[in-house]
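Student: Below you will find the structure I want to go over with you.
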Amino acid sequence: GKPPRLLHDLARNGVPSPDGNSFAYTSNQDTTIWIGDSSGTEARLLFAGASGLSFPYLLWSADSKRLLYQRKQYAPSNSSVSAAKEEMEKQYRWAYECADAVTGKVLASVAGIRFDSACLLSGEKMLFIRWDHVEKRQSYSIWEVQINNLDGRFQSAPRILSDFAGGTVAALSASSDGVEVAVGWDKDYASVSVADLSRSAPALVSVSRLTHDLQSAYPHAWTPGGNAVLFESNHNGRFGIYKQQVGSRSAEMITSFPRDSIMPQVVPGGKWILFAVQKNASENSYSKSSFALYRIPIAGGSAEEVPIGGPLDEFRCPLATTGPCVLRQTIGHQQLVYFALDP
């Protein structure tokens with residue numbers, strides 16, 4: 001019930017020792033490590049990093065006698081590289097280290113170990129979150145390693161326990177009995193909502209969420225009569241075409257390919273659903289030439305390609321009950337050509 005009080009300002013990564021007598025923290029952009037007592041009246045410098053050296057993460061040993069920490073050394077290459085994040089990350093050298101909390105003597109060091117969060121199980125096993133950045137994609141995984149409880153040396157090779165697709169993972173912790181582990185998983189996704197249109201204002205009213213899973217979904221069309229929404233979702237790892245009734249909690253898969261399927265449109269008359277399918281599953285870019293046009297009966301059945309005699313760019317179908325859809329092609333980054341499309 002007591003109000004919080006300031007121990008030290010301009011400090012980061014504050015972590016209390018298991019015995020409750022001390023706490024460690026970093027300052028000066030993580031370039032120094034300090035040890036303070038629980039009252040906050042005294043603090044002593046344990047490490048002052050050399051130029052380009054920092055300590056972005058700290059963890060106490062189970063007996064409160066040692067500090068386990070992440071060592072980050074700036075080591076730029078001689079080649080001229082861009083300022084992209086991946087290239088910047090290549091200019092750092094990472095290491096796990098363990099040091100005596102009184103003398104600062106380094107007891108163990110393992111190069112190439114990158115972690116943003118960690119915890120100890122029974123003092124002899126360390127779990128840590130590893131972060132990787134490869135080809136503009138970032139990934140997070142949880143690893144386990146046996147350590148010596150006297151000096152923090154690795155007693156085994158680290159092994160992966162779990163990985164996470166997309167988002168960022170942080171704040172690793174374990175229950176006191178070491179049975180359960182918790183992390184914070186921050187994952188961005190898009191959901192679909194529906195609303196009534198008030199024409200007098202105009203305004204959207206009675207807004208309600210339609211999709212409720214933690215995967216991205218993007219709406220494109222309504223079924224005839226306005227009872228269901230057509231959208232693409234990466235519910236199964238790749239984007240597929242789905243239909244969901246308004247008021248329902250679950251979606252029905254219309255079609256799925258081993259490649260991304262996107263942009264469902266209902267043709268005038270309501271007989272067909274048009275959509276785009278990626279030609280090559282290994283192709284990363286969504287270029288105009290990387291998709292083909294397909295159709296599938298709205299009542300169900302097999303999907304088939306619609307020949308259009310050229311590359312697919314954009315296409316839309318009107319809300320009218322008769323008439324053509326419209327297809328667009330781009331010519332040499334100079335012209336936009338529009339075609340009437342009979343699906």
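The values are calculated or read from the model by the stated rules, or taken from the named source; none is laboratory data. Just so it is clear, the structure is predicted and the values come from calculations on it, not from any experiment. Quick reminder, even Gly has a Cβ in these numbers, built from the backbone with ideal geometry, and neighbours come from all protein chains shown. Ligands, DNA and RNA are excluded from the accessible area calculation, which covers all protein heavy atoms including side chains. Shrake-Rupley method; radii C 1.70, N 1.55, O 1.52, S 1.80 Å.
Student: Taking all protein chains as present, what is the carbon and sulfur share of the accessible area of the range 131-198, in % to the nearest whole number, probe 1.4 Å?
Tutor: Ligands and nucleic acids excluded, carbon and sulfur give 48 percent.
Student: Pull up the cross-link candidates among the aspartates and glutamates for LYS72, meaning alpha carbon to alpha carbon under 16 Å and not fewer than 8 places away within one chain.
Tutor: Within the straight-line cut-off, LYS72 pairs with ASP30, GLU86, GLU87, GLU89, GLU97, ASP116, ASP132.
Student: With +1 assigned to the C-beta of every Lys and Arg and -1 to the C-beta of every Asp and Glu, and no other charges, what is the dipole magnitude of the range 216-320 about the Cα centre in debye, to the nearest 20?
Tutor: So the dipole magnitude of the range 216-320 works out to roughly 160 debye.
Student: Using a Förster radius of 45 Å, what is the FRET efficiency between ALA111 and ALA190 based on their Cβ-Cβ separation? Nearest 0.05, please.
Tutor: For ALA111 and ALA190, the calculated efficiency is 0.65.
Student: For the range 136-265, just run the numbers: alpha carbon Rg, then divide by 2.2 N^0.38 Å, N being how many residues it has.
Tutor: The range 136-265 yields a ratio of 1.56.
Student: Keeping the other protein chains in place, figure out the carbon and sulfur percent of the accessible area of the range 206-343, with a 1.4 Å probe.
Tutor: In the range 206-343, the share of accessible area belonging to carbon and sulfur is 51 percent.
Student: Now, a different point. Using each residue's phi in the range 328-343, evaluate 6.51 cos²θ - 1.76 cosθ + 1.60 at θ = phi - 60° and report the 3J(HN,Hα) Karplus result to the nearest Hz, with x for Gly and Pro.
Tutor: In residue order, the calculated couplings are 10, 10, 9, 10, x, 6, 10, 10, 10, 10, 10, 10, 7, 10, 8, x Hz.
Student: Give the list, by residue number, of cysteines in the chain with no other Cys Cβ closer than 4.7 Å, or say none.
Tutor: CYS98, CYS119
Student: What's the longest piece of the chain with no exposed trypsin sites (Lys or Arg not before Pro), counting a site as exposed if DSSP puts it in a loop and it has at most 11 other beta carbons within 10 Å?
Tutor: Segment 6-104 is the longest.
Student: From the phi of every residue in the range 244-253, what ³J(HN,Hα) in whole Hz does the Karplus formula 6.51 cos²θ - 1.76 cosθ + 1.60 yield, where θ is phi - 60° and glycine or proline is x?
Tutor: 9, 5, 5, x, 8, 9, 10, 10, 10, 6
Student: Just to confirm, what accessible area per residue do you get for the range 165-303 at 1.4 Å probe, in whole Å²?
Tutor: 54 Å²
Student: Enumerate the amide H contacts of TYR57 below 5 Å, restricted to partners 5 or more residues apart or on another chain; note that Pro and chain-start residues carry no placed amide H.
Tutor: Under 5 Å from the amide H of TYR57 lie the amide H atoms of GLN70, each far enough along the sequence or on another chain.
Student: Using a 1.4 Å probe, what is the accessible area per residue for the range 1-65, in Å²?
Tutor: Per residue, the range 1-65 has an accessible area of 59 Å².
Student: Still on this structure: How many percent of Cα pairs in the range 209-343 exceed 24 Å?
Tutor: Of all Cα-Cα distances in the range 209-343, 29 percent exceed 24 Å.
Student: Here's another thing I want to ask about it. Apply the Karplus curve 6.51 cos²θ - 1.76 cosθ + 1.60, θ = phi - 60°, to the phi angles in the range 138-149 and return the couplings in whole Hz, x for Gly and Pro.
Tutor: After applying 6.51 cos²θ - 1.76 cosθ + 1.60, I find 10, 9, 10, 8, 9, 10, 10, 8, 7, 10, 6, 6 Hz.
Student: May I pose another question? Any idea how far apart GLN334 and THR321 come out in nm if each label point goes 7 Å out from Cα toward Cβ?
Tutor: 4.5 nm
Student: Give me the percent of the accessible area of the range 1-77 that comes from carbon and sulfur atoms, probe 1.4 Å, all protein chains in place.
Tutor: 53 percent
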